[in-house]
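Take a look at the structure below.
The values are calculated or read from the model by the stated rules, or taken from the named source; none is laboratory data. All of these numbers come straight from a predicted model, not from anything done at the bench. Counting neighbours? That spans all protein chains shown, and the Cβs are built from the backbone with ideal geometry, glycine included. What goes into the accessible areas is simple: the full protein's heavy atoms, side chains included, and nothing from ligands, DNA or RNA. Shrake-Rupley method; radii C 1.70, N 1.55, O 1.52, S 1.80 Å.
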Amino acid sequence: QVQLVESGGGLVQAGGSLRLSCAASGMILRISAMGWYRQAPGKQRELVAAITRDDITSYGDSVKGRFTNSRDNAKKMVYLQMNILNPEDTAVYYCNVRTLVDNYWGQGTQVTVSS
C-alpha cells in the first residue's frame with residue numbers, strides 16, 4: 001500500500017521560507033513524476049512543481065524563481081524549498097507521485113503566509 005506523508009508546513013511571515021518534505025512508502029513502480037500541488041480556499045488545485053524521472057522540472061508560473069523541487073530517490077523523499085513567500089502562497093500543499101498507471105496523493109500540509 002502506497003502512502004505519501006507531507007511535513008514542514010506552518011505559519012510564516014511574508015518574505016520568509018519553508019521547506020516541505022514528502023516521504024513515500026510502499027512499492028511504487030515506474031514513477032513518471034514526483035512533485036507538489038496546492039489548493040487555496042475557493043480555488044482549484046494547481047501545479048506548484050514537478051520533476052520527471054528524466055530530471056525535467058516544471059514550475060507553476062507564480063512560483064518560478066522562488067520555489068525549488070528536489071528528490072532523493074534512495075530515500076523516496078521529495079522536497080519543496082519555498083523562498084520569498086507571500087500571502088498568495090497560502091494553501092494546502094499536496095505531495096503527488098505519478099506512475100504510468102496510478103496517481104498518488106498525500107493528505108496535505110497547510111502553509112499560511114501572513115502579511
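Within the range 15-27, residues that are closer than 14 Å to Leu80 by Cα and free of Cβ contacts under 8 Å to residues at least 60 places away in the same chain have Cβ atoms under 6 Å from residues that are among the aliphatic types (A, V, I, L, M) and open to solvent by 50 Å² or more (accessible area, probe 1.4 Å) in these pairs: Ala23/Val5, counting only partners at least 6 apart in sequence or on another chain. Of all the residues in the range 59-91, those that are more than 20 Å from Glu6 (Cα to Cα) and small (Gly, Ala, Ser) number 2.
Among the residues of the range 76-115, the ones that are open to solvent by less than 40 Å² (accessible area, probe 1.4 Å), outside any strand (DSSP E or B) and either within 16 Å of Gln44 (Cα to Cα) or in contact with a Cys (Cβ under 7 Å, 6 or more places away or on another chain) (or both) come to 4 in all.
Got a number for residues in the range 41-58 being part of a loop (DSSP other than H, G, I, E, B), within 14 Å of Asn96 (Cα to Cα) and either among the polar types (S, T, N, Q) or modelled with pLDDT of 90 or more (or both)? Looking only at that region, the number is 1.
When the range 59-75 is filtered for residues that are farther than 17 Å from Ser21 by Cα and assigned to a loop (DSSP other than H, G, I, E, B), the ones remaining, listed by number, are Gly60, Lys64, Gly65.
Considering only residues in the range 59-74 that are closer than 22 Å to Thr99 by Cα and touching a residue at least 24 places away in the same chain (Cβ under 8 Å), the one that is least open to solvent (accessible area, probe 1.4 Å) turns out to be Asn69. Might you let me know whether the range 23-32 holds any residue that is under 11 Å from the mean Cα position of the chain (by Cα) and of a type outside the set (A, V, I, L, M)? No, every residue in the range 23-32 fails to be under 11 Å from the mean Cα position of the chain (by Cα) and of a type outside the set (A, V, I, L, M).
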